[in-house]
Structure formats: C-alpha cells, structure tokens
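Below is one structure, written out as structure tokens, with a few remarks after it.
The values are calculated or read from the model by the stated rules, or taken from the named source; none is laboratory data. In this text the structure is predicted, and so the values were computed from the model without any measurement. Neighbour counts are summed over all protein chains in view; Cβ atoms, including those assigned to glycine, are modelled from backbone coordinates with ideal geometry. Keep in mind that these areas ignore ligands, DNA and RNA; they rest on the heavy atoms of the full protein, side chains included. Shrake-Rupley method; radii C 1.70, N 1.55, O 1.52, S 1.80 Å.
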Amino acid sequence: MNITQVTQEAMVTPNGTKFLFNPVCRTRQAPYSYEILQDLDITGILLFACLTLMTLITVLVFIEEAQYIYRKIPGRTKSTIIWVNSAAPIIAVTCCVGLWIPRSTMFTDFTASVFLAVLIHQFQLMLVNECGGKKGFLSKFSDTKLQLHTGPLCCCCVCFPKKDVHSRSLFLLKLGTFQFVLLRPVLMFLAVVLWTNGTYAIGDSRAESATIYINVSVGVITITALWAVGIMFNHVRPSLVDKKIIPKFACYQFIVILSQLQTSIINILGTTGVISCVPPRPGPSRASYMNQQLLIIEMFVTTIICRTLYRQRYEEKPAVSDDEETKENLINSTLCLNGKAMDEGLQKV
C-alpha cells in the first residue's frame, strides 16, 4: 500500500470546503528507509540507481587517481593532493547514504563537514608545498608583502596595511585554517548531540534555540578559514600559473560553495515552506533530498575535472627515485671537479 494514502485527515476551510491533509506534513521528522522504498515508482527507482551508480564511479575514479598520485609524485606533496581530491568523493558518498537513509542526514552532514574542514586546510598546505615547502616559501617571498584585503572577509577594506612575509605570518595563515579543522567538528558534534535531545533543528532561528548560535559560530570560523586561504592564494598565484593553480582553486571553491552555500539556501527554502511537503517527505526532509541529488551530480563532475587537472601536470615530469638523484649528483660533482682541474692545469701551462 502506498504510504501517501495512509492516515489522511479531513480539514475544513472557513468557506466550508473540505480537503485531505496528510499529517506527515505537520512533522519535521524525516521518513524511514522502508517508507521511501515503498513509495518509489519506476522513475524513482531509476533515479536512485543512477545517483548510486554516479557515486560509485566517483569513488572508483578517486581510488585510481590516488594510486597514480602515490606512485608518481614524490615527497609530502602527494599526501596533500590526495586529501584535496578526497573531499568531493566523500561528500558524494555521504549524500548517497542520506539519500537511502533519510534519518541519517545529521550524521552524514557531520562527516561531510569534517572532510570539508580538512580540505580547506590541506589546500592551503598544498599552496605552500608547491612553492617548495616552508623554507622555499619564505625564501621565495621574503621581499614581498601580503595583501589582507581579500574575500570573503575583508575584500572592501583596501586601507588594511600590507604585512611582511616571515615565519610568524605564515604560521598565522596556517592557524586560520587549522582552527576550522579543530572547531568545525566540535561544533557539528555538539549539534548532533543536541539534535538527539530535540534541542537542535535544521532551520530553527528562534533565540531560545541552540541552532542559531551554532550556525553563527560555524559561519564565523568558516569565513576566517576562507580568508586565510584567499590571502595565500592571491600571494602565490603569479608564481604557480604554470602549475594550473587557478583552475585547481576554482574546483576547490566550487566544492566549498556548493556544499555550504547551496545546502544552506535549500535548507532555508525547506524550512520556510517554499519547498512544499510531498508525502512521505515533509518540507525540510524533501529539501535535504533535493540537495543530496544535486551534490552527487556536482561532486561527480568535480571529481572528473580534478582528475584531469592533477594528472596532466605530473605526466610530463615523472618522479625521480633517490638512487637516480644520488647518481646524478655524483656525476655533476665529478664533472665540476674535472673542469676545475683542467682549468688549473691550463693556468700552470
């Protein structure tokens, strides 16, 4: 029996007109998995199958890319790049789980938030590593100054003074993203705990609710982290153009904006009733359902683009092993010594 046909109530309008009202639309609770499966028609089954297949392909593409990066890229850079590339597949997997199990949305959002925080911090570390690590970065940009008037926090504050590049300023920039890695999971864990107690609800903006305070705190630490990454990117962008840093930064921004701004907008539309109730899903649950569908498709496209960007750069310059590098250094040293000996011999003659 179709779940949308059960337990409907007759409602009477002031002019005497009667219509059926499903009590599911009164609640904010997401339906159980069996309710979703019972309500699926042929179109719904095909949609779920396609989205699940896209999630599986996204994960397989990432695994193949991670193996390639691990084999071809030397040093610390490979682990950073793997972390940066893992954000889109993880978000796709969490959305797919939330698609099949609607009541797990709070837990899947918690997992996605943790990996998003790691993505922002690791992307900043990748910018430093691409410049030769901490020592290379400081020696390369020691004569330059950091511009603080950049988005999303201080893009209009052109009166801000420029800061010298030194170890303390680099530490503060890293601290700007590390605080996001540390505080975002703590706040999301607190939200999950309060949600189990009924104190936290998505879209609840009442002053007595904990939702608004947690959301404001998350917004502040997110903007601070994005500001630190923006300062770093604007500073190293001219020197990393040949490494396709601009499209890589665009993909990073694409993931952050879609997983944060898009999700917030759709959740607000579901809470305010713009996205209406369609049993067995109430408005907020249907909004999460629509957002999960969009994110799976968007993360699939992002993973394919990232695979192209991060493979193209390193195919032309394969990694040199330690033995080959040692042999090359010995050969260069021998040639230098032989050249010096020949010069001294010629001078004596």
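Summed over the residues of segment 183-278 and divided among them, the accessible surface reaches 49 Å² per residue at a probe radius of 1.4 Å. For the peptides 96-107, 113-124, the ranking by mean Cβ contacts within 10 Å, running from highest to lowest, is 113-124, 96-107.
When peptides 285-292, 258-265, 297-304 are ranked by their average number of other Cβ atoms within 10 Å per residue, the highest-first order is 285-292, 297-304, 258-265. Modelled spin-label separation between Met290 and Thr199, with each label point placed 7 Å from Cα along the Cα-to-Cβ direction: 3.2 nm. Spin-label model, His166/Thr52: points 7 Å from Cα along the beta carbon direction are separated by 5.9 nm. Pairs to check: Lys78/Lys162; Lys135/Lys243; Lys162/Lys244. Give those whose C-alpha atoms are more than 24 Å from each other in this structure. Cα-Cα > 24 Å for Lys78/Lys162; Lys162/Lys244; rest within. With the convex hull drawn over the C-alpha atoms of segment 209-304, the volume per residue is 101 Å³. Find how many whole Å separate the alpha carbon centroid of segment 41-57 from the alpha carbon centroid of segment 135-149. Centre-to-centre (Cα) distance: 48 Å. Residues whose amide H falls under 5 Å from that of Leu148, counting only those 5 or more places apart or on a different chain, are Lys163, with hydrogens built in the peptide plane. Applying 0.36 nm per residue to the separation of Ile212 and Asp41 and subtracting their alpha-carbon distance, the gain on full extension is 57.8 nm.
Using C-alpha pairs below 8 Å separated by at least 6 residues, the relative contact order for segment 157-315 is 19 percent. For segment 38-95, the Kirkwood estimate of the hydrodynamic radius, built from every pair of different alpha carbons, is 13.0 Å.
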